[in-house]
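What follows is a set of notes on a single structure, which appears directly below.
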Amino acid sequence: MGHETPAGDLRLANLTKRFGVFTAVDDLSLTIPQGSFFALLGASGCGKTTTLRMIAGLEQPTGGQVLLGDRDIAGLRPYKRPVNTVFQSYALFPHLDIHENVAFGLRRRGIRQVTDQVERMLALVQLEGYGRRKPAQLSGGQQQRVALARALINQPQVLLLDEPLGALDLKLRRQMQIELKRIQTEVGITFVHVTHDQEEAMTMADTVAVMNAGRIEQLGAPAELYEYPATAFVANFLGQSNLLAGDAGGHSGGDVLVAAHGSRFSVPAGRARVDRGPVFLGVRPEKLHLVGGPDQVPAGHQHVGGVVSDASYVGVSTQYLVRTAWGSELSVFAANSGVGGQLAVGATVTAHWDPRHAFVLPRESGADDQTAPLLDEPPVGVAS
Amino acid sequence: MTALAQLPTSSGEPAAAPIVRRGRYKLLPYLLLLPGAAWLLVFFALPLLQLAAASLYDPSGSLSTGYAMTWAFGNYPDALQAYWPHFVRSFAYSAIALVLALLMGYPLAYAIAQKAGRWKNLLLVAVVAPMFTSFLVRTLAWKTILSDNGWLVGLLRDVHLLGPDGRLLATPVAVVLGLTYNFLPFLVLPLYASLERLDYRLLEAANDLYASPLRAFQKVTLPLSMPGLIAGTLLFFIPATGDYINAELLGTPNQYMIGNVIDSAFLVRLDYPQGAALSFLLMAAILAIVFVYLRKAGTEEVL
């Protein structure tokens, strides 16, 4: 299944794109290893799609390089690049049937015998027998798979996916996530997947880059990003976090000491991004546990006291808000594993955590606690 | 409906109330068609019948003595025999004009639809604006532009594209240019409507799938603009073929098209049977061409 030229890692070097005074992509550098499933994750307008379009050649960079192996392809026209795209809108050709849509790239490269390849590709995306239909006769999920087949059949060195599942409903999206991952493993092509859906990125990608304002905030394996975020943006964009404003006061043994809201906390030095100055002390909601009082906190755990101000039952877990003495609300997810009952609103509780689950992030001085839960986002890592 | 379904009705005789309602709505489309149909009947179908009858009148009659209906089918071969060069000329002129109009009109429609941005409406008005003056006035203006002592002929003589005595007016070139100009908007507007709906993302996808811009045009833009292209070429070609004003004002009798012959048969020579026969021959020829064209170009490829 090899392309005519040897593939290689995709490297972006100081890639920059400005639209007038607006900088969409700001001096971006990263390496995407050959054969990996890479996700560019960010809110809309963060520059992720612009980055993708520059790799595809649909947008000309203001500066920097796009390297495929050792070759700089930034100056190549899109139709000369060994790169194909699955568009957000699918962009299937409405006047061609599915067979011809899938065969389009092969035919443009002068390949006559396409039927076998097209049939095989349609089988891969489970659309055997749909060749004679027009795109308008297919459902959204089927169209999405045609768009995937149309790009994959060219055996590109890099496959770009621009929010490919954005138009699908939740159930279909889950299905397609698994499907995409399966296909990627099968064909072994480098996938670069752009999405604003953190769950989608985490489910599928080997490596996730979180983008914000044209820059990469953090890059790493999904678990790494989730368990030890590098910035407050990542901590809040990927799942939820309780971030308490505090000040780090240096090391004590293997720990970094943090003073926050009149209490002293410690975090293992390996989980502190900084050890001095204004910091956030962060704990994920599912890493917080609620008990009746300080005397019930297990040895070695740290704790804050508060009052339950809200409890919402969401099936797999109950999401509590705990109002602290200084007024911030901590978000706590308690798995409904059948151990312990529900806590009532108004109950006095103590929230405790294992210091090894906390993390310390740099904070702009003046920034206050960031503990407001994002109620419209399903929590990551709690379900399942 | 659920309540009605429980009523004991025999199978061949469903409940009455919905039928009456539906019956009234069934009539509605026909009622809406009525004014247009009546208009067509009185001002198109009946005159057409009258014309068909006239084409079979005894050709030896005259307006003053009256015509006798003799089923003179010989009028048709006679008319064709006498005026086939005008037929050929009509189709040749309007075909050349169509090619010129396509060369100008397609890029124009594409630019307005896809590239004009906020100038789109202004440009569309510019395409339609000439229609605000009469066809006759516009063609007379071309007479001035193409005249022997006009700037255009002067310029062409200076650069030796025309000989010292060369002229544009009263040549086939003038007639073809006039046809091109006068019917261009009929080609551009439907084309614009088709190209306006073209999603540029499809072109990006084509580029992404190894199609050069030229290939993308050939494989995506052109087929997707087919409905507008077909409508536009028909709206251009049909009236241009039957036109007589351009040949009359910009040409000489040597450039006369079939429209001029029909005009003179009815209004100068007062030979009604011949005029009517020529009219039907023209109609038949155009219908045949359109039929073949639609079969070839085919709308089935388009969605």
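Things worth noting here:
- Residues being of a type outside the set (A, V, I, L, M, F, W, C) and away from chain A (no Cβ under 11 Å) are represented in the stretch B:275-283 by at least one member.
- Among (1) over 16 Å from A:PRO156 (Cα atoms); (2) within 14 Å of chain B (Cβ to nearest Cβ); (3) surrounded by fewer than 19 Cβ atoms within 10 Å (Cβ to Cβ) - the single one A:ALA91 does not satisfy: (3)
- Tally, over the stretch A:94-109, of residues that are part of a loop (DSSP other than H, G, I, E, B) and either facing another protein chain (nearest Cβ under 8 Å) or closer than 16 Å to A:ALA151 by Cβ (or both): 4
- Just one of the listed residues (B:GLY228, B:GLY242, B:GLY251, B:GLY259) is within 14 Å of another protein chain (Cβ to nearest Cβ) and within 24 Å of the chain's Cα centre (by Cα), and it is B:GLY228.
- The criterion of being more than 21 Å from B:LEU202 (Cβ to Cβ), outside any strand (DSSP E or B), over 19 Å from the mean Cα position of the chain (by Cα) and at pLDDT below 95 does not hold for A:GLY45.
- When restricted to residues that are assigned to a helix (DSSP H, G or I) and basic (Lys, Arg), the stretch B:150-203 contains 2.
- Residues that are of a type in the set (A, V, I, L, M, F, W, C) and more than 18 Å from A:ASP255 (Cβ to Cβ) number at least 1 in the following strands (runs of 3 or more DSSP E) confined to the stretch A:271-366: A:289-291, A:302-313, A:317-324, A:329-335, A:348-353.
- Sub-8 Å Cβ pairs linking a first residue in the stretch B:195-224 that is under 10 Å from A:PHE93 (Cα atoms) to a second residue that is assigned to a helix (DSSP H, G or I) and small (Gly, Ala, Ser), at least 6 apart or interchain, are B:LEU203/B:ALA216; B:ALA206/B:ALA216; B:LYS219/B:ALA206; B:VAL220/B:ALA206; B:LEU224/B:SER194, ordered by first then second residue.
- When A:TYR79, A:TYR90 are checked against the criterion of being closer than 19 Å to B:LYS219 by Cα, in a loop (DSSP other than H, G, I, E, B) and in contact with a helix residue (DSSP H, G or I) (Cβ under 6 Å, 6 or more places away or on another chain), a single residue qualifies: A:TYR90.
- Tally, over the stretch A:41-66, of residues that are under 11 Å from A:VAL25 (Cα atoms) and of a type in the set (A, V, I, L, M, F, W, C): 3
- Any hit, the stretch B:166-187, residues being within 14 Å of another protein chain (Cβ to nearest Cβ), in contact (Cβ under 8 Å) with a residue 24 or more places away in the chain and more than 22 Å from B:THR252 (Cα to Cα): no
- Condition met for A:GLY64 (assigned by TED's automatic domain parsing to the domain that holds A:LYS80 and either at pLDDT 95 or above or part of a strand (DSSP E or B) (or both)): yes
- Any hit, the stretch B:196-215, residues being modelled with pLDDT of 95 or more, more than 30 Å from A:ARG107 (Cα to Cα) and out of contact with any strand residue (DSSP E or B) (no Cβ under 7 Å at 6 or more places or on another chain): no
- Scanning the stretch A:58-72 for residues that are in contact with a strand residue (DSSP E or B) (Cβ under 7 Å, 6 or more places away or on another chain) and either within 13 Å of chain B (Cβ to nearest Cβ) or under 15 Å from A:THR85 (Cα atoms) (or both) turns up just one, A:GLU59.
- Enumeration of residues in the stretch A:110-134 that are in a loop (DSSP other than H, G, I, E, B) and within 31 Å of the chain's Cα centre (by Cα): A:VAL125, A:GLN126, A:LEU127
- With a requirement of 1 or more residues that are without any contact (Cβ under 8 Å) to a residue 60 or more places away in the chain and farther than 25 Å from B:ALA205 by Cβ, the helices (runs of 4 or more DSSP H) lying completely within the stretch A:135-223 that satisfy it span A:170-187, A:198-204.
The values are calculated or read from the model by the stated rules, or taken from the named source; none is laboratory data. Source: prediction; values computed, not measured. Note that each Cβ is placed from the backbone with ideal geometry, even for glycine, and that neighbours are counted across all protein chains shown.
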